[in-house]
Amino acid sequence: MTAGLEAAHLKRAAMKDAGIKPVLLNPIEKARRNPQSLRLAINGQCYGCVGAGHDPNPINAIRECEIKDCTLWPVRPYQRHNEVDEVE
């Protein structure tokens with residue numbers, strides 16, 4: 001385990017021992033908390049486009065997105081690296 005990952009595990013265990021539950025945010029909430037991040041804005045838009053969590057597997061829905069005329073399609077999250085090369 002890397003040092004950073006090990007430190008994160010220790011911090012998470014300490015939080016659990018202290019009774020602190022981590023807050024899990026969906027991509028839209030993450031983008032709202034950091035409005036300067038272009039990557040979070042793109043992730044939030046794609047998440048909202050596929051149903052904002054109503055889809056049981058939003059990651060796969062974003063990866064398999066077929067709306068290729070969307071301006072965000074080439075930079076959508078969770079894509080396989082060779083897909084963008086095939087379209088260009």
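So what's the angle, to the nearest 10 degrees on a 0 to 90 scale, between helix 38-49 and the longest Cα principal axis of the chain?
Helix 38-49 and the main axis of the chain meet at about 70 degrees.
Two decimals, Cα atoms only, Kirkwood Rh: what is Rg/Rh over the chain?
1.09
When the accessible area of the chain is computed with all protein chains present and a 1.4 Å probe, what percentage of it is carbon and sulfur?
On the chain, the fraction of accessible area on carbon and sulfur atoms equals 56 percent.
Can you show me the helix-derived [θ] at 222 nm for the chain, built from DSSP H runs with n ≥ 4 at -39,500 (n - 2.57) apiece and divided by the number of residues, rounded to the nearest 500.
Calculated at 222 nm, the ellipticity per residue is -15500 deg cm²/dmol.
Order 33, 12, 80, 63, most accessible first, counting only protein heavy atoms with a 1.4 angstrom probe.
Highest to lowest solvent-accessible surface, that is 33, 12, 80, 63.
Specify the angular offset, from 0 to 90 degrees and rounded to the nearest 10, of the alpha carbon long axis of helix 3-17 from the longest principal axis of the alpha carbons in the chain.
Roughly 60 degrees, rounded to the nearest 10.
Could you order the peptides 36-44, 64-72, 17-25 from most to least packed, using the average number of other C-beta atoms within 10 Å per residue?
36-44, 64-72, 17-25
The values are calculated or read from the model by the stated rules, or taken from the named source; none is laboratory data. Keep in mind the model is a prediction, meaning the values are calculated, not measured. Neighbour counts are summed over all protein chains in view; Cβ atoms, including those assigned to glycine, are modelled from backbone coordinates with ideal geometry. The area values use the complete protein model at the heavy-atom level, side chains included, leaving out ligands, DNA and RNA. Shrake-Rupley method; radii C 1.70, N 1.55, O 1.52, S 1.80 Å.
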